[in-house]
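K.L.:
Sharing a structure with you now.
The values are calculated or read from the model by the stated rules, or taken from the named source; none is laboratory data. Predicted model, so just to flag it, every value in this text is computed and none were measured. Backbone-built Cβ (ideal geometry, glycine too); neighbour counts: all protein chains shown. When the accessible area is computed, the model is the full protein with side chains, heavy atoms only, and any ligands, DNA or RNA have been set aside. Shrake-Rupley method; radii C 1.70, N 1.55, O 1.52, S 1.80 Å.
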Amino acid sequence: MSLPDSFIVHEHDVLVIGAGGAGLRAAIEASAAGVKVGVICKSLLGKAHTVMAEGGMAAAMGNVDDRDGWEVHFADTMRGGQYLNNPVMAEHHAKEAPARVRELEAWGAVFDRTKDGRILQRNFGGHRYPRLAHVGDRTGLELIRTLQDHGIHQGMEVFMEMTVVSLLKSGGRVNGALGYDRERGRMHVWKAKAVVLATGGIGKAFRITSNSWEGTGDGHALAYHAGAELMDMEFVQFHPTGMVWPPSVRGLLVTEGVRGEGGVLRNSEGRRFMFDDVPDAYRNQVAKDEEEGWRYVCGDKNANRPPELLTRDHVARCINREIKAGRGSPHGGVFLDIAWIKEKIPNSSAHIQRKLPSMYHQFKQLAGVDITSERMEVGPTTHYVMGGVLVDGDTQESCVPGLFAAGEVAAGLHGANRLGGNSLSDLVVFGKLAGEHAAKFAKANRAIEIDPAEVAAKTAALEEPFARRTGENPYAIQSQLQDAMQDLVGIVRTHGEMERAIGIIEDLKQRAKNVAISGHREFNPGWHTAIDLGCLLTVSESIARSAIDRKESRGAQFRDDFPQKDDACSTFNMVCRKSADGSMEVSRRPLPAMRAELKSVIEKMK
Amino acid sequence: MASPASQNGIHESTRTVEFRVWRGDRSGGAFTSYSVQVTQGMVVLDCIHRIQADQANDLAVRWNCKAGKCGSCSAEINGHPKLMCMTRMDALPADRPVTVEPMRSFPSIRDLVTDVSWNFRMKRRIKPFKPRKPDHADGSWTMMQEDVDRVQELRKCIECFLCQDVCHVLRDHHKHDEFIGPRFLMYTAALEMHPLDTEDRIADLKQENGIGYCNITKCCTKVCPEHIGITDNAIIPMKERVVDEFYDPLTRLFRIFKPR
């Protein structure tokens, strides 16, 4: 039996799924190793969500403060992740990020400069020293464009606007992927010796999110259904500052860079409420008063950071509390004020526009607010998932041989909470590692034939919605799922509400089987939404089930019924896998052991 | 689903707006009318999404970030090339229907989606960045901010291709084989002005990339959503370099003796 002629078949050594920062970096590395590489992007090349990253990429280069180094960065990352991180990954990340930044410069990236002509670094939440290499507030664009423009000359084959719907396997090993192209709706089979997942996040599982339509957890679901394990899925980062008004832009990101440049948070009474609640782990790193906080922003090495630059999980909860207590802004947020720095520096308007140009335009054009003279209204928005495919810390390979993952779709680096700026560096550090090891795997293993029967069965399921005259509207199901996740598995969680969410998810899963699609297969967003829906349901279930079983509050997870951190829960990660009967199995996996050397680094930095 | 604002008890005015959206494919198409309930602060892309969710599930449209950062949702709104996500409804005339059609300089795929692959092919044609040797042992260079300001301005480009859409050399004269368009003239300029770059792309600009076709009407600059000075800061300086290299008698003489 062979594949019908209607399938378009491609053959590569390494197939990279996703073309944001991690995917492109992996593809570049694998190409450099001399293997044949294919890259699949869900959108056009260069439009992936990486483009939205604003503040910068964390790398302990010490250009602005020479006390910085890999050990401080490592300790900051572990502290921010509440020590659930994989220490091996945190070590790779802290040690290798500076070289990855310099490499971007060698490929044409143009970072903002220090006065003596080196790469400038800025302050960010949870980072002890100014550490984020940046380009104004459009660092993600610089990163993706640099990788794209370098990558297209390295010999990789790029498939734009194509979506993978299933990984293919034989003999326990991954041997390719099945997908479709948006333009014509044709089916494609990619044969590959190794596959790198670099599909990004899951934000679209929630109603209020900074993510685009693409953030539907495709890679998480592909890996899960192929037998890989998902870890830390309960940890979803709600970025503290998303836009709240007008309604159509609710959730849109407001960079932490605003706070890094001196922006402060106030409630409706004008109080800087962040001073009211400083966690113990950070008490000796936070400014005593507003004056010291401003000195920190200005670069005074003896000053501590303002409390607005605490970790995102904490800031988001504080904002949420102010809003719930009735001290919010008119449209249900709090106030973020950068305009106030006019009291401190001359020409503050020009300064703000230079440091935060996209924020200036975003507010001006979409909300009619001039941030150089007016306060912004902001509130938490679903931004990032710390959880993802469980991978080996040195190679990024999952428990499925030949299947690798890097970037947001992989778990491990960030633990219970990610520090701002650690994502862009994550992409390039682990994109490179994944590409390198996927290429190695491809060289060491021969190709395995795909099974046409497997492809036929999976394709038939995709085409069913067209056969139905009447049925469910995929947009309506997606919207109901988003409401359930937002309301019941959001910033503040309880057992009862999450059980209700599971009930809704189970119900929606049944209804999703009865989706009907009008029109034909060419560029049909209704059909695409129906397909993405399956991924969102899988991801949502794993978030809710993991969150139910972590009976404590830690990092991004806050349980109203277990409001304290529990030492007994500091020893494991939650892991989901698909059991033999197809149901989701959740278990507790002991944390990987930490080398004595790394333990002593953490102690030293406490 | 109640909107978040109405949950807070804030009244929002709603009005009904008539949309005329181009529906069709490679073989042709026509405008279809839809009525949309528009609330305060909505942008054109919101309306398109509302039509898609309620009235036409299969309406094809490209979009990603919804924040003017990715350059996916380019279209012609009331005849003007714009990003749908950054065009507020209250900035459009209220007394007539809003027309939305795809970029007309590129072949249609379906509805608002066009085939922009030509742009990706043009980019590959341009010689990539080639830096000089690093200044320092750790692989880094010294570059001053004032020396990179201009390059950073040009690198703000989000590749929405609205400048390509509006350029009459492409739109009216279809010189796609001989002219790379403002986006890639600017891309070349950013490489040429990069303080570390050692490659020479001036001859290519003059010959296969057709910079001479641009007659500086500045239409590209006018539609740029990033407000980049495409004409003044990128194309004109490149034209000057072409003139210096190919038409200046002294330079031509010098070129004969210059070691390549």
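K.L.:
Anything in region A:526-536 that is away from every other protein chain (no Cβ under 14 Å) and surrounded by fewer than 23 Cβ atoms within 10 Å (Cβ to Cβ)? List them, or say none.
P.N.:
A:534
K.L.:
Now for a separate question. Looking only at residues in region A:563-581 that are assigned to a strand (DSSP E or B) and closer than 18 Å to residue A:593 by Cβ, which one is farthest from the chain's Cα centre (by Cα)? Write out each step before concluding.
P.N.:
Quick first cut of region A:563-581, residues assigned to a strand (DSSP E or B) only: A:572-578.
Add one more test, that the residue is closer than 18 Å to residue A:593 by Cβ, and what stays is A:572-573, A:575.
Numbers: A:572: 22, A:573: 18, A:575: 18 Å.
It comes out as A:572.
K.L.:
Also: Kindly provide the set of residues from region A:327-378 that are open to solvent by 60 Å² or more (accessible area, probe 1.4 Å), touching a residue at least 40 places away in the same chain (Cβ under 8 Å) and within 12 Å of chain B (Cβ to nearest Cβ), ordered by number.
P.N.:
Of everything in region A:327-378, those that are open to solvent by 60 Å² or more (accessible area, probe 1.4 Å), touching a residue at least 40 places away in the same chain (Cβ under 8 Å) and within 12 Å of chain B (Cβ to nearest Cβ) turn out to be A:330, A:354.
K.L.:
For residue B:114, all conditions in the list (1) more than 9 Å from chain A (Cβ to nearest Cβ); (2) without any contact (Cβ under 8 Å) to a residue 40 or more places away in the chain; (3) open to solvent by 20 Å² or more (accessible area, probe 1.4 Å) hold save one; what is the number of the exception?
P.N.:
The single condition residue B:114 does not satisfy is (3).
K.L.:
Can you name every residue in region A:48-103 that is within 14 Å of chain B (Cβ to nearest Cβ), part of a helix (DSSP H, G or I) and surrounded by 24 or more Cβ atoms within 10 Å (Cβ to Cβ)?
P.N.:
A:49, A:50, A:51, A:52, A:97, A:98, A:101
K.L.:
Quick one: is residue B:227 within 15 Å of the chain's Cα centre (by Cα) and at the interface with chain A (Cβ under 10 Å from one of its Cβ atoms)? Steps first, please.
P.N.:
On the way: within 15 Å of the chain's Cα centre (by Cα): yes; at the interface with chain A (Cβ under 10 Å from one of its Cβ atoms): yes.
Judged against the criteria, residue B:227 is a match.
K.L.:
Within the group A:387, A:393, A:407, which residue is in contact with a strand residue (DSSP E or B) (Cβ under 8 Å, 6 or more places away or on another chain) and in contact (Cβ under 8 Å) with a residue 24 or more places away in the chain? Reasoning before the result, please.
P.N.:
Numbers: A:393 fails: in contact with a strand residue (DSSP E or B) (Cβ under 8 Å, 6 or more places away or on another chain); A:407 fails: in contact with a strand residue (DSSP E or B) (Cβ under 8 Å, 6 or more places away or on another chain).
After ruling out the rest, the residue left standing is A:387.
K.L.:
Would you check which residues across region B:94-111 are closer than 21 Å to residue B:164 by Cβ and open to solvent by 50 Å² or more (accessible area, probe 1.4 Å) and list them?
P.N.:
B:104, B:107
K.L.:
Anything in region A:168-209 that is among the aliphatic types (A, V, I, L, M) and touching a helix residue (DSSP H, G or I) at 6+ places or on another chain (Cβ under 7 Å)? List them, or say none. Walk me through it before giving the result.
P.N.:
First, pick out the residues of region A:168-209 that are among the aliphatic types (A, V, I, L, M): A:168, A:174, A:177-178, A:187, A:189, A:192, A:194-198, A:202, A:205, A:208.
Residues satisfying the conditions are A:168, A:178, A:187, A:189, A:194, A:196, A:197, A:198, A:202, A:205, A:208.
Condition check ((1) in contact with an Asp or Glu (Cβ under 8 Å, 6 or more places away or on another chain); (2) within 14 Å of another protein chain (Cβ to nearest Cβ)) across all residues:
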{"site": "A:209", "(1), (2)": "no, yes"}
{"site": "A:219", "(1), (2)": "no, no"}
{"site": "A:222", "(1), (2)": "no, no"}
{"site": "A:281", "(1), (2)": "no, no"}
{"site": "A:285", "(1), (2)": "no, no"}
{"site": "A:304", "(1), (2)": "yes, no"}
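K.L.:
Determine, yes or no, whether residue B:44 is closer than 15 Å to residue B:98 by Cβ, at pLDDT 90 or above, open to solvent by less than 20 Å² (accessible area, probe 1.4 Å) and more than 11 Å from every other protein chain (Cβ to nearest Cβ).
P.N.:
On the way: closer than 15 Å to residue B:98 by Cβ: yes; at pLDDT 90 or above: yes; open to solvent by less than 20 Å² (accessible area, probe 1.4 Å): yes; more than 11 Å from every other protein chain (Cβ to nearest Cβ): no.
The answer is no for residue B:44.
K.L.:
Would you check if there is a residue in region B:119-130 being in contact with a His (Cβ under 6 Å, 6 or more places away or on another chain) and either facing another protein chain (nearest Cβ under 10 Å) or not polar (S, T, N, Q) (or both)?
P.N.:
Residues of region B:119-130 that are in contact with a His (Cβ under 6 Å, 6 or more places away or on another chain), as a first pass: B:128.
Filter again for either facing another protein chain (nearest Cβ under 10 Å) or not polar (S, T, N, Q) (or both), leaving B:128.
Yes, region B:119-130 contains at least one residue that is in contact with a His (Cβ under 6 Å, 6 or more places away or on another chain) and either facing another protein chain (nearest Cβ under 10 Å) or not polar (S, T, N, Q) (or both).
K.L.:
Looking only at residues in region B:192-250 that are open to solvent by 50 Å² or more (accessible area, probe 1.4 Å) and of a type in the set (A, V, I, L, M), which one is nearest to residue A:107 (Cα to Cα)?
P.N.:
Of everything passing the filter in region B:192-250, B:243 is nearest to residue A:107 (Cα to Cα).
K.L.:
Of the residues A:439, A:456, A:512, A:484, which single one is small (Gly, Ala, Ser), under 28 Å from residue A:7 (Cα atoms) and under 25 Å from the mean Cα position of the chain (by Cα)?
P.N.:
Working: A:456 fails: under 25 Å from the mean Cα position of the chain (by Cα); A:512 fails: under 25 Å from the mean Cα position of the chain (by Cα); A:484 fails: under 28 Å from residue A:7 (Cα atoms).
After ruling out the rest, the residue left standing is A:439.
K.L.:
I'm trying to understand the selection: among the residues of region A:517-557, which are among the hydrophobic types (A, V, I, L, M, F, W, C), out of contact with any Phe, Trp or Tyr (no Cβ under 8 Å at 6 or more places or on another chain) and not in a helix (DSSP H, G or I)?
P.N.:
The one that is among the hydrophobic types (A, V, I, L, M, F, W, C), out of contact with any Phe, Trp or Tyr (no Cβ under 8 Å at 6 or more places or on another chain) and not in a helix (DSSP H, G or I): A:523.
K.L.:
Oh, and also: Can you find, within region A:542-552, the residue that is nearest to residue A:227 (Cα to Cα) among those that are open to solvent by less than 10 Å² (accessible area, probe 1.4 Å) and either among the polar types (S, T, N, Q) or in contact with an Asp or Glu (Cβ under 8 Å, 6 or more places away or on another chain) (or both)? Give the derivation first.
P.N.:
Filtering region A:542-552 down to residues open to solvent by less than 10 Å² (accessible area, probe 1.4 Å) leaves A:542-544, A:546-547, A:550, A:552.
Within this subset, residues satisfying the condition of being either among the polar types (S, T, N, Q) or in contact with an Asp or Glu (Cβ under 8 Å, 6 or more places away or on another chain) (or both) are A:542-543, A:546-547, A:550, A:552.
On the way: A:542: 14, A:543: 17, A:546: 17, A:547: 21, A:550: 23, A:552: 28 Å.
Restricting to residues being open to solvent by less than 10 Å² (accessible area, probe 1.4 Å) and either among the polar types (S, T, N, Q) or in contact with an Asp or Glu (Cβ under 8 Å, 6 or more places away or on another chain) (or both), the top hit is A:542.
K.L.:
Separate question: Residue A:519 is checked against (1) buried (at least 23 other Cβ atoms within 10 Å of the Cβ); (2) within 28 Å of residue B:114 (Cα to Cα) and fails just one. What number does that condition carry?
P.N.:
The one condition residue A:519 does not meet is (1).
K.L.:
Filter region B:12-30 down to the residues that are modelled with pLDDT of 95 or more and surrounded by 15 or more Cβ atoms within 10 Å (Cβ to Cβ), then identify the one that is farthest from residue B:51 (Cα to Cα).
P.N.:
Once the filter is applied, the top-ranked residue is B:29.
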